[in-house]
1. Under the condition of being in a strand (DSSP E or B) and among the aliphatic types (A, V, I, L, M), which residue from segment 9-53 is farthest from the chain's Cα centre (by Cα)?
2. Of everything in segment 10-23, what is over 24 Å from Gly187 (Cβ atoms) and either exposed (fewer than 10 other Cβ atoms within 10 Å of the Cβ) or of a type in the set (Asp, Glu) (or both)? Give them in sequence order.
3. Mind telling me which of the residues Ala7, Ala37 ends up being closer than 25 Å to Gln181 by Cα, without any contact (Cβ under 8 Å) to a residue 60 or more places away in the chain and open to solvent by less than 80 Å² (accessible area, probe 1.4 Å)?
4. Answer yes or no as to whether Leu57 is within 30 Å of Gln39 (Cβ to Cβ) and assigned to a strand (DSSP E or B).
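The values are calculated or read from the model by the stated rules, or taken from the named source; none is laboratory data. Because the structure is a prediction, the values reported are computed rather than measured. Cβ placement follows ideal geometry from the backbone for every residue including glycine, while neighbour counts extend to all protein chains displayed. Note: areas computed on protein heavy atoms with side chains; ligands, DNA, RNA excluded. Shrake-Rupley method; radii C 1.70, N 1.55, O 1.52, S 1.80 Å.
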Amino acid sequence: DYLCAFASQYFKQPVTRDDVVWTYSGVRPLYDDGASAAQSATRDYVLKVDANGPPVLNVFGGKITTYRKLAEAATDKLCQFFPEAGGRWTKTGVLPGGDFANHEALEETLRRDFPWLSEKVISRYVRTYGTTSYDILRDCHSMDDLGIHFAGTLYQREVEHLIKNEWAMTSEDILWRRTKQGLYSSGADVEALDRYLMKSACADTRKTALHHGA
């Protein structure tokens, strides 16, 4: 109701719940600093260590945009119990796939190396995977090599990458949590992906059974 009322300020025709086609929400934990209203509560995180026995670190508050800073601060709190721990490194360390100068340059490199790849796929791969895109595209020479097309710019190769490297297990994991390609998927698309994931899981189970049997 709050969002509909706020958005309606910019339209002649008010926005109502009936206009909503999809919703997404994130839950932010806030530290109770005694503020009378949630809007006034601090957005900063608070770290507290309980050292009455094996050290336990409690993290209160925080948000995803500062998660690396929070992680570094949390590690600082714990390093006092581990004298041989190394120093800070996350300020200059890059996440997997983040070893490139800028999006435009990497997109141009992908166009050169994979001239058959669609612009939409290139753009999303760079934003989502960075240089890890090359792991997905290894040995691919045409769009057909990307395998089954599930929805939007989601193909089998990417699905397999997410299962193997990001522990994706369900269509919701893949379509919403990792790619947002659920925005472009129909009910039939979701069912097709579910069938593929079920088939893939069964194949992995058979491989495991054969391995233990051997």
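1. Step one: of segment 9-53, the residues in a strand (DSSP E or B) are 46-50.
Within this subset, residues satisfying the condition of being among the aliphatic types (A, V, I, L, M) are 46-47, 49.
Values: Val46: 25, Leu47: 25, Val49: 29 Å.
Restricting to residues being in a strand (DSSP E or B) and among the aliphatic types (A, V, I, L, M), the top hit is Val49.
2. Those that are over 24 Å from Gly187 (Cβ atoms) and either exposed (fewer than 10 other Cβ atoms within 10 Å of the Cβ) or of a type in the set (Asp, Glu) (or both): Tyr10, Phe11, Lys12, Gln13.
3. Details: Ala37 fails: closer than 25 Å to Gln181 by Cα.
Just a single option satisfies the conditions, and that option is Ala7.
4. On the way: within 30 Å of Gln39 (Cβ to Cβ): yes; assigned to a strand (DSSP E or B): yes.
Yes, satisfied.
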